[in-house]
Amino acid sequence: MTETSREPRGSDSATAESNSRSPSGRDGLRADATAGERSRSATGREQLDTEPAAASGNRHRVVSGGRLGAIARQRRRAALLALAGAALLAAAMLTGICLGENTLSPGRALNALFLGTGDRADVLLVGRFRTPRVLSAVIAGAGLAVAGAVLQRVARNPLASPDVVGITGGASLGATAAVALGLAAPLTPLAALGGGLCAATILGLLALQIDGSRAAPRLKGGISPIRLVLVGLAVQAGLTAAVNLFIVRFPAELASSALHWTTGSLYGRNWNEAIVGASATAVALIAVFALHRRAAVLDLGDDAAGALGVQPGLARLQLLAVAVVLASLAVALTGPVGFVALAVPHLVRRLAGPPTAGTLALNALAGALLLLTADLVAQHALPFDGLPVGVVTATLGAPCLLALLARQNRPDPRTAR
Amino acid sequence: MTNAPNAITAENLRIGYGRNTIVADLDLTLPGGQVTAIVGPNACGKSTLLRGLARLIAPETGTVAIDGDDVHRMSARALARRLGLLPQQPVAPEGISVEALVRLGRYPHQRALRPWSAADSAAVETALERTGTTALRDLPVDHLSGGQRQRAWIALALAQDTPLLLLDEPTTFLDLRHQIDVLDLVSELNATADRTVVMVLHDLGQAARYADHLVVMRDGAPAAFGAPADVLTSELVEDVFGVPCRVVADPETGTPLVVPRASARHRRP
């Protein structure tokens, strides 16, 4: 086998390179160890060749010494973080249905919610007011965070988020217009959803690259990442101006109501909204997971993705559409809550490493947790009433993000170990 | 020579960006089962041609076919199971490990409900071994040296397990040792794994040494093609590259070696 004659040189050079590159020698040691394993596995090579099934068994590869491979290690880390996140989220949700002017014990609140037993006032309070609010926070937080993660990935830009590219601007304008036209309050979320989708359509059309040099213009490669961000900035600026114009021209009481909406609030969410929002968000989340492998291939760059059978323009358009739906739904529920979509993907990346399907789920959990916690803080922990939840998400999220970014200069714990 | 499988045929191919035509009315057959090198001066359309052959750019006119099957009539996935391409200077996503990168090569073979199979694992292991990157599998790609990184990307293309492999300047920015490593690997893949390889190279001597078939491009059209010994003459090199030269036999392989003529100042006394 000619391959075998080449083999030792390959591994030697690999080790030598790692050694020379490693300042502390630790990486070198590590490469030595793995090279050792490798030569061992080379002796057991026939086994590997004749039994491909045996090789495939190492999906969660445990190499000798009980050390996990990078992929298995990241999976384990994501699973642990997901467990912790789910536990925290459950605790926050429970807190959400217990706390209030009339604080209930967890037992009483759960009885009232699931069995309908106990005080009628409890049932009304928990079932009618607190639970839809908690659910709305969870749905919107999850939707915003995943939308942000997808947008940042598609735009290949860490600053891309629904706030930046005009989707929340469109939703705000829709809601403000609904208030201005005197539509009934339940229609405001619908108007917001419509506004977000319209803004996204405009954004999509403007960002599409049309090859206009020929007699018949044709689509060139779908949407390019940089155009998406630049056009998005312009769309958002225009929409914000329109919202401000509405607010300035309104009668004072309408203006205040519109303004309250445009800073993001979970006040007065009902079951219908929560259930419709939850179902639609669930469908969109499933779509994101279904598109995940395509997104991973797209990360390699357009040419490499194309060579692997992914059409970059089309894949970007699909991912963008799902992100827009998620963000618009979230904004329809809560108003344009800032910062969740921008910060959560960065937090998750710092904690759990490069994006995988697992980290996507973590984004949903972390977004839900951040928005719900922010709402609890806004309602209960602050001495003044009616603080919009968006103010709190920014106040909570910004220090976390800054702290994590400050650590970026230090060696990455995921790779130094 | 075109009877071997995996021959690529381009007919009447015209590729351009907007008004700017890069490859004009090109007719070319790249033989199956061989190593083809495409050479030519900068901006002569080598990479564009490669991207056109891999269907990464839609041609304005003309067809590209693999063994007679029009690539533009295949689904993207079906094409990706027959033809792989390593782009020029690819950039790996931040923080991704070598193994995770190579696994992405299995995308065209995966199914929605069966995302990872035994065959996928086996292909990844083989690709890592063949490129000597097994020991690097857990390291992030952005921590590797240039040579290691290029091997990791070639491993990705190998995991894709296509009979046809297109490489766009696989040796650029590598030192001599790593250039030779990559070219030896290519030649071994052709000999032992039966891959048809088409690569864009800059070094004429290396192209002549490693390729069975040589295509010299000029201004978006082939100036000459055929066996390196027949193609690489001093007249052709002067004509295409504008460099007066002598062509001598490579003392190691006997293949043509291009030695540019020296100016009077540098000439042997």
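The values are calculated or read from the model by the stated rules, or taken from the named source; none is laboratory data. Note that the coordinates shown come from a computational prediction; the quantities given were computed from them, not determined experimentally. So basically every Cβ, Gly included, is an ideal-geometry build from the backbone, and we count neighbours across all protein chains shown. Please note that ligands, DNA and RNA were not included when accessible areas were found on the heavy atoms of the full protein model with its side chains. Shrake-Rupley method; radii C 1.70, N 1.55, O 1.52, S 1.80 Å.
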Next item on the list: Examine region B:152-165 for a residue that is assigned to a helix (DSSP H, G or I) and facing another protein chain (nearest Cβ under 7 Å), and state whether such a residue exists.
Entry: no
Next item on the list: Could you tell me whether B:LEU158 is surrounded by 14 or more Cβ atoms within 10 Å (Cβ to Cβ) and either among the aliphatic types (A, V, I, L, M) or out of contact with any strand residue (DSSP E or B) (no Cβ under 9 Å at 6 or more places or on another chain) (or both)?
Entry: yes
Note to self: Within region B:1-20, take every residue that is part of a strand (DSSP E or B) and in contact with a Gly (Cβ under 7 Å, 6 or more places away or on another chain) and give me the one that is nearest to B:GLY226 (Cα to Cα).
What the structure shows: B:ALA10
Next item on the list: Consider A:LEU365 carefully, then state whether it is open to solvent by 30 Å² or more (accessible area, probe 1.4 Å), closer than 23 Å to A:LEU151 by Cβ and more than 14 Å from the chain's Cα centre (by Cα).
Entry: no
Next item on the list: Looking only at region B:57-104, count how many residues are of a type outside the set (Val, Ile, Thr) and either part of a helix (DSSP H, G or I) or closer than 25 Å to A:GLN152 by Cβ (or both).
Entry: 20
Note to self: Every residue in region A:296-326 that is within 28 Å of A:GLY141 (Cα to Cα) and within 8 Å of chain B (Cβ to nearest Cβ), please.
What the structure shows: A:ALA296, A:VAL297, A:ASP299
Check: With (1) surrounded by 24 or more Cβ atoms within 10 Å (Cβ to Cβ); (2) within 9 Å of another protein chain (Cβ to nearest Cβ); (3) in contact with a Leu (Cβ under 8 Å, 6 or more places away or on another chain); (4) not basic (Lys, Arg) as the list, and B:VAL102 as the residue in question, which single condition is left unmet?
Finding: (2)
Margin query: Quick check on this structure: which one of B:ARG246, B:ARG195 is among the basic types (Lys, Arg), touching a strand residue (DSSP E or B) at 6+ places or on another chain (Cβ under 7 Å) and under 18 Å from B:PRO31 (Cβ atoms)?
Written below: B:ARG195
Item checked: Hits in region B:32-83 (condition: farther than 13 Å from B:ALA10 by Cβ and either in contact with a His (Cβ under 8 Å, 6 or more places away or on another chain) or among the basic types (Lys, Arg) (or both)) -> B:GLN34, B:VAL35, B:ALA37, B:VAL39, B:LYS46, B:ALA58, B:ARG73, B:ARG77, B:ARG81, B:ARG82
Next item on the list: With respect to A:ALA282, determine if the residue is modelled with pLDDT of 90 or more and within 14 Å of chain B (Cβ to nearest Cβ).
Entry: no
Check: Any idea how many residues of region A:372-387 are modelled with pLDDT under 80 and surrounded by 12 or more Cβ atoms within 10 Å (Cβ to Cβ)?
Finding: 1
Note to self: Looking for something open to solvent by less than 40 Å² (accessible area, probe 1.4 Å), more than 15 Å from the chain's Cα centre (by Cα) and within 30 Å of A:ALA258 (Cβ to Cβ) - is there at least one such residue anywhere in region A:319-330?
What the structure shows: no
Check: Got a sec? Which of B:ALA127, B:ALA80 is at pLDDT 90 or above, within 9 Å of chain A (Cβ to nearest Cβ) and open to solvent by less than 40 Å² (accessible area, probe 1.4 Å)?
Finding: B:ALA80
Item checked: Members of region B:32-56 that are assigned to a loop (DSSP other than H, G, I, E, B), away from chain A (no Cβ under 12 Å) and in contact (Cβ under 8 Å) with a residue 24 or more places away in the chain -> B:GLY32, B:GLY33, B:GLN34, B:GLY40, B:PRO41, B:CYS44, B:GLY45
Next item on the list: Scan region B:135-150 residue by residue and report those that are within 16 Å of B:ASP181 (Cα to Cα), facing chain A (nearest Cβ under 8 Å) and crowded, with 23+ Cβ neighbours inside 10 Å.
Entry: B:GLN148
Checklist line | One residue from A:ARG316, A:ARG269 being open to solvent by 10 Å² or more (accessible area, probe 1.4 Å), of a type in the set (Lys, Arg) and modelled with pLDDT under 90 | finding: A:ARG269
Margin query: Given the condition closer than 17 Å to A:ALA147 by Cβ and open to solvent by 10 Å² or more (accessible area, probe 1.4 Å), answer yes or no: does some residue in region A:246-262 qualify?
Written below: no
Note to self: Residue under question is B:THR29, and the condition is that it be free of Cβ contacts under 8 Å to residues at least 40 places away in the same chain, surrounded by fewer than 22 Cβ atoms within 10 Å (Cβ to Cβ), touching a Ser or Thr at 6+ places or on another chain (Cβ under 7 Å) and in a strand (DSSP E or B); does it hold?
What the structure shows: yes
Next item on the list: Mind telling me which of the residues B:ALA211, B:ALA193, B:ALA119 ends up being at the interface with chain A (Cβ under 8 Å from one of its Cβ atoms) and not polar (S, T, N, Q)?
Entry: B:ALA119
Notebook entry, point to check: Which of the residues belonging to region B:105-124 are open to solvent by 30 Å² or more (accessible area, probe 1.4 Å) and not in a helix (DSSP H, G or I)?
Noted result: B:ARG111, B:ALA112, B:LEU113, B:ARG114, B:PRO115, B:TRP116
Margin query: Only one of A:LEU239, A:LEU245, A:LEU259, A:LEU254 is over 23 Å from the mean Cα position of the chain (by Cα) and within 17 Å of A:SER328 (Cβ to Cβ). Can you tell me which?
Written below: A:LEU239
